[in-house]
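A short worksheet on the structure shown next.
The values are calculated or read from the model by the stated rules, or taken from the named source; none is laboratory data. What you are looking at is a predicted structure, and each value in this text was computed from that prediction instead of being measured. Cβ placement follows ideal geometry from the backbone for every residue including glycine, while neighbour counts extend to all protein chains displayed. With ligands, DNA and RNA removed, areas are computed over all heavy atoms of the protein, side chains included. Shrake-Rupley method; radii C 1.70, N 1.55, O 1.52, S 1.80 Å.
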Amino acid sequence: MRPRVLSGMRPTGSLHLGHYHGALKNWVRLQDDYDCFYFVADWHALTTHYEEREVIEKTVYDMVIDWIAAGLDPDKSTIFIQSRLPEHAELFTLLAMGTPLGWLERVPTYKDQMEKLKDRDLATYGFLGYPLLQAADILIYKAGFVPVGEDQASHVELTREVARRFNNLYGRHANFEAQAAAALAKMGKDDARYYEKQRKAFGETGSAEALAKGEGMLKKAAAGVAGWTEADSELLLGHLKGSGKSILVEPQALHTEVAKLPGLDGAKMSKSYGNAVLMRDDAETVTKKIRGMTTDPARARRTDPGTPEKCPVWQFHKVYSDTATQDWVRQGCTTAGIGCLDCKQPVIDAIVQQQAPWRERAAALTADPKKVHWIVEMGTERARTIARQTMKDVRDAMGLGY
Ligand code: TRP
Ligand code: SF4
């Protein structure tokens with residue numbers, strides 16, 4: 001079985017090249033090696049855009065179309081919409097009971113975003129709780145890996161703490177130690193001593209070998225000890241791992257080197273800053289936008305030499321151009337041998353060429369909305385099977401199994 005990856009994206013507007021290079025391209029790459037779950041985070045969008053439901057409503061399916069156009073394959077990846085799975089909300093509620101307020105107040109994105117999005121009233125309960133909702137999104141699929149940008153690493157860290165706390169609170173029932181001792185007493189003395197030795201070694205050093213040896217001993221007991229039960233194995237496996245019973249899985253952030261593509265003015269690309277090239281911009285719009293891009297301010301006149309490092313166009317060349325073209329830029333810029341419009345042309349050509357297959361696939365899907373709905377339907381049901389199973393485990397662990 002391939003390890004599971006989970007990630008989400010908020011439907012707050014058309015996708016642009018920053019989304020593609022920052023996340024989507026990586027998502028496409030991952031689907032060959034992982035069991036990937038990708039979802040439209042519409043509830044997350046509402047935590048900041050609760051006054052703009054039209055944007056979200058309009059964007060959800062367009063976003064799925066852009067994902068597939070860029071190369072996500074619904075046969076490889078599970079694509080779904082968060083709000084279609086109320087299980088996420090149920091887990092969020094249950095996790096909320098024991099999550100200290102301070103954990104959420106200390107998430108660095110909380111104050112950052114409040115500062116940045118001053119025009120919105122974000123002094124809401126939903127906005128404070130949104131990293132916990134994200135934790136529920138991740139934990140409900142027992143995902144091992146979460147591809148996120150640097151800015152979201154703290155959310156994965158919070159997710160790990162929440163999982164650990166849950167397992168500590170609910171993974172170990174009151175008479176766990178006594179039951180473990182009783183199970184151990186069923187084994188032969190030497191075997192029990194061997195198991196204890198491995199358990200201690202694993203607890204102290206995390207040695208995979210000790211863990212494997214301990215597990216081996218439990219297999220031996222299951223095969224040979226009279227009166228041994230499945231529950232004994234389960235109990236002692238939890239004892240061995242030191243986790244009691246792990247119900248929720250601690251995920252890891254998956255940081256992949258991504259090419260940083262700035263906006264047209266050199267700031268972070270964002271539709272709300274008006275500095276974005278959209279994945280679906282047509283050739284004419286791309287040409288106009290790139291030709292209007294900010295350049296090194298030292299090149300006020302054609303005859304002034306410039307420094308590529310001080311120019312956002314250079315960042316585009318680093319993503320879109322081969323070394324020969326990059327050498328031509330460096331040489332031409334620093335000697336005033338080329339003009340900025342000459343310099344921009346290869347970037348325009350490369351973007352337009354990259355968009356061609358996206359445009360073709362997006363047009364086919366836009367013309368066939370039933371197909372897109374069907375893809376989301378299939379993905380949602382696949383996700384639901386797993387989410388339901390986790391919720392059953394969680395309810396049982398919290399004493400809600402009646
Ligand atoms: N919070 C993420 C963002 O703003 C989106 C998101 C929601 C997400 N749930 C997630 C990402 C779970 C990774 C895993 O971009
Ligand atoms: Fe930027 Fe190219 Fe102009 Fe140099 S020549 S300032 S790299 S656009």
Tally up the residues in the stretch 260-276 that are under 23 Å from the mean Cα position of the chain (by Cα), of a type outside the set (S, T, N, Q) and in a loop (DSSP other than H, G, I, E, B), please. 5
Here is a check on your reading of the model: is residue 133 part of a loop (DSSP other than H, G, I, E, B), of a type outside the set (Gly, Ala, Ser) and either in contact (Cβ under 8 Å) with a residue 40 or more places away in the chain or touching a Gly at 6+ places or on another chain (Cβ under 7 Å) (or both)? no
Checked 257, 250 against criteria (outside any helix (DSSP H, G or I), in contact (Cβ under 8 Å) with a residue 24 or more places away in the chain and either touching a Lys or Arg at 6+ places or on another chain (Cβ under 8 Å) or open to solvent by 70 Å² or more (accessible area, probe 1.4 Å) (or both)); the one match is 250
Residue within the stretch 138-151 that is closer than 17 Å to residue 45 by Cα, part of a helix (DSSP H, G or I) and open to solvent by 40 Å² or more (accessible area, probe 1.4 Å) present: yes
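Could you say which residue among 158, 122, 128 is part of a loop (DSSP other than H, G, I, E, B) and either within 16 Å of ligand 1 (Cβ to nearest atom) or closer than 29 Å to residue 12 by Cα (or both)?
Numbers: 158 fails: part of a loop (DSSP other than H, G, I, E, B); 128 fails: part of a loop (DSSP other than H, G, I, E, B).
Result of the check over 158, 122, 128: 122.
Filter the helices (runs of 4 or more DSSP H) completely within the stretch 305-402 down to those with at least 2 residues that are within 16 Å of ligand 2 (Cβ to nearest atom) and either more than 30 Å from residue 35 (Cα to Cα) or assigned by TED's automatic domain parsing to the domain that holds residue 77 (or both). Working first, answer last.
Values: elements: 312-320, 323-334, 340-366, 369-397.
Here the list reads 312-320, 323-334, 340-366.
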What pairs come out if I take residues in the stretch 316-328 that are free of Cβ contacts under 8 Å to residues at least 60 places away in the same chain and pair them with residues that are in a helix (DSSP H, G or I) and of a type in the set (A, V, I, L, M, F, W, C) whose C-beta lies under 6 Å away, six or more apart or interchain? 316/347; 317/329; 320/347; 320/350
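Considering only the stretch 191-210, I want to know if a residue exists there that is open to solvent by less than 20 Å² (accessible area, probe 1.4 Å) and either hydroxyl-bearing (Ser, Thr, Tyr) or in the same structural domain as residue 161 (by TED's automatic domain parsing) (or both).
Residues of the stretch 191-210 open to solvent by less than 20 Å² (accessible area, probe 1.4 Å): 192, 195, 198, 210.
After this cut, where a residue has to be either hydroxyl-bearing (Ser, Thr, Tyr) or in the same structural domain as residue 161 (by TED's automatic domain parsing) (or both) as well, the list is 195.
For the stretch 191-210, residues open to solvent by less than 20 Å² (accessible area, probe 1.4 Å) and either hydroxyl-bearing (Ser, Thr, Tyr) or in the same structural domain as residue 161 (by TED's automatic domain parsing) (or both): present.
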First in the stretch 174-194 and within 16 Å of residue 224 (Cβ to Cβ), second anywhere and basic (Lys, Arg), Cβ under 8 Å, 6 or more apart: 191/220; 194/213
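Results for (1) open to solvent by less than 60 Å² (accessible area, probe 1.4 Å); (2) more than 26 Å from residue 18 (Cα to Cα); (3) away from ligand 1 (no atom under 16 Å from the Cβ), shown as yes or no for each residue.
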position: 295; (1), (2), (3): yes, no, yes
position: 304; (1), (2), (3): yes, yes, yes
position: 311; (1), (2), (3): yes, no, yes
position: 316; (1), (2), (3): yes, no, yes
position: 320; (1), (2), (3): yes, no, yes
position: 324; (1), (2), (3): no, no, yes
position: 329; (1), (2), (3): yes, no, yes
position: 332; (1), (2), (3): yes, yes, yes
position: 336; (1), (2), (3): yes, yes, yes
Number of the condition not met by residue 159 [criteria: (1) of a type in the set (S, T, N, Q); (2) surrounded by fewer than 19 Cβ atoms within 10 Å (Cβ to Cβ); (3) touching a Pro at 6+ places or on another chain (Cβ under 8 Å)]: (2)
Of the criteria (1) at pLDDT 95 or above; (2) open to solvent by 60 Å² or more (accessible area, probe 1.4 Å), which one residue 111 fails: (1)
Within the stretch 338-370, restricting attention to residues that are without any contact (Cβ under 8 Å) to a residue 40 or more places away in the chain, charged (D, E, K, R) and surrounded by 13 or more Cβ atoms within 10 Å (Cβ to Cβ), which residue is farthest from ligand 1 (Cβ to nearest atom)? 342
I'm trying to understand the selection: among the residues of the stretch 256-302, which are over 17 Å from residue 348 (Cα atoms), within 12 Å of ligand 2 (Cβ to nearest atom) and not aliphatic (A, V, I, L, M)? 296, 297, 299, 301, 302
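From the set of residues in the stretch 371-400 that are more than 30 Å from residue 167 (Cβ to Cβ) and out of contact with any Leu (no Cβ under 8 Å at 6 or more places or on another chain), which is most open to solvent (accessible area, probe 1.4 Å)? I'd like the intermediate steps shown before the answer.
Kept after step one, since they are more than 30 Å from residue 167 (Cβ to Cβ), are these residues of the stretch 371-400: 371-378.
When the remaining residues are screened for being out of contact with any Leu (no Cβ under 8 Å at 6 or more places or on another chain), the result is 373-378.
Working: 373: 88, 374: 156, 375: 24, 376: 1, 377: 63, 378: 89 Å².
Out of the qualifying residues, it is 374.
Residue check: is residue 160 assigned by TED's automatic domain parsing to the domain that holds residue 92 and modelled with pLDDT of 90 or more?
Working: assigned by TED's automatic domain parsing to the domain that holds residue 92: yes; modelled with pLDDT of 90 or more: yes.
It is true that residue 160 is assigned by TED's automatic domain parsing to the domain that holds residue 92 and modelled with pLDDT of 90 or more.
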